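The values are calculated or read from the model by the stated rules, or taken from the named source; none is laboratory data. On a predicted model such as this, the values are computed, not experimentally measured, just so you know. Note that each Cβ is placed from the backbone with ideal geometry, even for glycine, and that neighbours are counted across all protein chains shown. Accessible surface is based on the protein model in full, side chains and every heavy atom, while ligands, DNA and RNA are left aside. Shrake-Rupley method; radii C 1.70, N 1.55, O 1.52, S 1.80 Å.
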Amino acid sequence: MRRRPCWHALIASLLFLSSVDASHAHGLQNYGTNPRGIEHLDWQAEHISRTLTAGYPDSFGLFAFFDREPPSAVEIEGRKCLRANFIALDVDAAFAFDIDSSVSLALTLAVDARQTLLLAFDGNAGSGAPSEQLITPAEDGSLQRLNLQLDRARFADRGMAGTDIALTTAATMNPAISDESAVLTLCGLSISRGDVAQEAQASGNLVLDIKDAASGEPMAARFGLYDASGRAVAASSDALLVHHYEHEVRDTPLRDWEPWPMESRWVFYADGRYAQSLPAGTYTLVASRGPEFKRLHKTLEIKAGETLTTTVSLARWADQPAGGWYSGDIHVHLPRRAKDNARVAAFMAAEDLHASSILQAGNPAGYHFEQYAFGREGSHARGSHALIPGIESPRTAVRGHTISLDIDQPYAGSGDYFLYDYALQHYRKQGASTGYAHVGSEEFYASRGLALDVPFGLVDFVEIMQAGQLRTELWYRYLNLGYQLAPAAGSDFPYFEHPGGVRSYVKIDQAWSPSAWIDGLRAGHTFVTNGPLLQFSVNGAQMGSVLDLSAGGTLKIEGEARMNPDLGALESITLVHCGEPVASAEVAQDASGALTLKAALPAGRSGWLALRAEGSGRLSHSAPVYLRPGGEPGGCTDKVDDALVEVYRALDALESHTVEVQRELEYWQLEGLEQAYLKQRPAILARIQKARDAYQQLR
């Protein structure tokens, strides 16, 4: 039976998501200018100025990841047709640009096998969201014509590489749809609009002074500005330039799981002051600055020939730094030169991120999102908001993606890319903290990399929160075996969500500094969240602590969760022991809506305790407090055998692995990947045996 996709859950779970000889030393090539592998195609239609595809396309909520293949030109019934997983179309600006009109679109398709065609477009307000159309082959094998109506089309070049319409298939987005074709074949297109040009409206001016409500000092923030119809106003040149994949833009779209009070999800960023000319009328202004500030809504009346100057004063809802808690995002991708630091720092400060790990991304052929420098030279601070260079590499679909925070220099080994321990040991000698990205999602088989690296002490943290989801099963497995692994959260901007969409809060018991934040994360004095803020202690010991309490005593547990009302209401707070709930609270204890939990448990048990909270789709999870009575190893006795079964299964899978080039994020760059892997495979097999021996000791 065909499984219908749910786009909200599907994109959240899967968006984790010129050849070079992969046997070369990685780092020899910089691909930073085209990380998605955008390719211009020789295919024309009336009123279409450009036709594009990409190795990893991402536009208007659609993407292609599974069963990808290079685009090709084919001739069918005398027509020049285009065959691809994903097609992006740029509507000619002379025909339509920044409109608000209904547009008719007719597609001529060659359909060899059943497929669900997905279409999304650049629209106004809530229009343009992905729609689907199930298509089956014609009985006589002829071409098929599909007529579509695009309501409230905008066509302002806001899609991938400045395009307006995106086409793909459900099967390339969702591997569960295995009975459908993942490739579409487009043979013709016609587009028409029946409206007439609108008369220009008289305009006025808007000036925003953006200030901290407490200090009165200028500050950076995120904005949305919408006219009476719900249409997002295109940002002026006063908005911050944001590097989004290969382009610098001022307007960026929020994913559908990122909380926002407006139907249109286009936003921009401004620092201190913002000015714009607008048609006369009524507008809604929304301003935000992360979960510790109250969101601001303001109605503005712009009058013709007049200037409206208004103050945007953002007030705190919570002051986490006052208690030593500083938020950060361990996973942001932006190419960066020294001259970019001021605007990148303003972008991160607008989301109130104190520690932003800006990652250069590697694959066996080269780098994307190149950083101009690492270590102290590559760091930059704006008050207590810091940019910290790091690296996401090694990074393969053989054994997952690794992240190393606050490195001095990238590893420059040759012919050993799949031997992750070489690079991780190199970074740890630099004092960096090392971990795994996308843990819990198996697009890149992080479970295999963890199985091979955790027993050798090469993993400090695991990125368990991303794309609005909290994935704990794989993390719990290693906690139950007695390993100490800190949880971490990363947006993976621009692939998943905006910086700070998920974040790690780290407790610092000294003066703020980027290195203190990294050290606190490594020590486990942290929790991950996309909304709820946590406090948690066991016998007064904070998150990440190790307790040695023999039987006969009592564990006094105190926990609290609270959440900015702009994000919704809390629903529950739960105490977890070895992955199982042991106590909970579901009723607010005070007028603020906070949830508190107090419990007493007998000491003497081994394992770990942690706190999690949820409400209104928002989630958070603390790092554990580890229980090791009498100096025991600390595993959860009744969970060890089951956990080892899964770990051995991951090692078995790695042992029998054959390279799947198309599962690599930048597969189009990796000619020769299989041969490079085969050369390194004997060393991997030897490492697997050493890992099995290490796990055997846990029995």
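Considering only protein heavy atoms and a 1.4 Å probe, what is the carbon-and-sulfur percentage of the accessible area of the stretch 128-227? Can you show the working numbers first?
Working: 1870 of 4250 Å².
Summing carbon and sulfur atoms, their accessible area is 44 percent of the total for the stretch 128-227.
Computed over Cα pairs, the Kirkwood radius of the stretch 38-110 leads via Stokes-Einstein (1.002 mPa s, 20 °C) to a diffusion coefficient of 155 µm² per second. For the stretch 643-653, take each phi angle, set θ = phi - 60°, evaluate the Karplus expression 6.51 cos²θ - 1.76 cosθ + 1.60, and give the result in whole Hz per residue in order, putting x for glycine and proline. Coupling constants for the stretch 643-653: 5, 5, 4, 5, 5, 4, 5, 5, 5, 4, 5 Hz. Projecting the Cα positions of ALA342, SER404, ALA676 onto the charge dipole of the chain (unit charges on Cβ atoms of Lys, Arg, Asp and Glu, taken about the Cα centre) puts SER404 furthest along the positive direction. With all protein chains kept in place, the per residue accessible area of the chain amounts to 37 square angstrom at a probe of 1.4 angstrom. Placing +1 on the Cβ of every Lys and Arg and -1 on the Cβ of every Asp and Glu, with nothing else charged, gives the chain a dipole about its Cα centre of roughly 1280 debye.
Normalised by residue count, the chain yields a Cα convex hull volume of 159 Å³ per residue. Grab the beta carbon distance between VAL207 and ASP652, set R0 = 56 Å, and tell me the FRET efficiency rounded to 0.05. After rounding, the FRET efficiency stands at 0.30.
Per 0.36 nm of contour for each residue apart, how much would the distance between HIS40 and SER616 grow if the chain were fully extended, relative to their Cα-Cα spacing?
On the way: separation 576, 0.36 × 576 = 207.36 nm, distance 4.23 nm.
Value of the extension gain: 203.1 nm.
For the stretch 180-219, backbone nitrogen atoms closer than 17 Å to the point 7 Å from THR136 Cα along Cα-to-C-beta are found at 180-181.
Largest first, the three principal axis extents of the alpha carbons in the stretch 607-681 are 51, 38, 18 Å in whole numbers.
How large is the helix-only mean residue ellipticity at 222 nm for the chain, computed as the sum of -39500 (n - 2.57) over DSSP H runs with n ≥ 4, divided by its residue count, in deg cm²/dmol to the nearest 500? Before the final figure, lay out the partial values.
Numbers: 10 runs with 102 residues, N = 699.
Estimated from H runs of four or more residues: -4500 deg cm²/dmol.
Model label sites at THR282 and ALA176, defined 7 Å from Cα along the beta-carbon direction, differ in position by 4.3 nm. Between LYS80 and ARG337, what's the calculated FRET efficiency when r is the beta-carbon distance and R0 is 35 Å? Round to 0.05. Working from the Cβ atoms, E equals 0.25. Given the C-alpha centroids of the stretch 463-538 and the stretch 150-212, what is the distance between them in whole angstrom? With the stretch 463-538 and the stretch 150-212 each reduced to a Cα centre, they are spaced 35 Å. Taking 7 Å steps out from each Cα toward its Cβ at SER572 and ALA381 produces label points 4.3 nm apart.
Report, to the nearest whole %, how much of the accessible area of the stretch 467-566 belongs to carbon and sulfur atoms, 1.4 Å probe, protein only. List each step's numbers first, then the result.
Details: 1310 of 2970 Å².
Ligands and nucleic acids excluded, carbon and sulfur reach 44 percent.
The count of lysine pairs in the chain whose Cα atoms are under 21 Å apart, excluding pairs fewer than 8 places apart on the same chain, comes to 5.
Would you be so kind as to identify which of ILE99, ALA516, PHE60 lies farthest towards the positive end of the dipole of the chain, taking Lys and Arg as +1 and Asp and Glu as -1 on Cβ and the Cα centre as origin? So the residue furthest toward the plus end is ALA516. Taken about its Cα centre, the stretch 401-537 carries a charge dipole of roughly 260 debye when the Cβ of each Lys and Arg holds +1 and the Cβ of each Asp and Glu holds -1.
Once backbone amide H atoms are built at 1.01 Å from N, GLY272 has ILE210, MET219, ALA220, ALA221 as its partners under 5 Å, excluding neighbours fewer than 5 places away on the same chain.
Measuring r between the beta carbons of SER592 and GLU217 and using R0 = 22 Å, the FRET efficiency lands at 0.25.
Spin-label model, SER104/HIS297: points 7 Å from Cα along the beta carbon direction are separated by 3.9 nm.
Nothing charged except the Cβ atoms of Lys and Arg (+1) and of Asp and Glu (-1): what's the magnitude of the dipole of the stretch 181-317 about its Cα centre? Round to the nearest 20 debye.
Numbers: 14 positive and 17 negative charges, 63 e Å.
About 300 debye.
Starting from the eigenvalues of the Cα gyration tensor, five times each then square-rooted, give me the equivalent ellipsoid semi-axes of the stretch 81-134, largest first, whole Å. Mind dumping the intermediate values first?
Numbers: eigenvalues 112, 42, 18 Å².
Computed over the stretch 81-134, the values are 24, 14, 10 Å.
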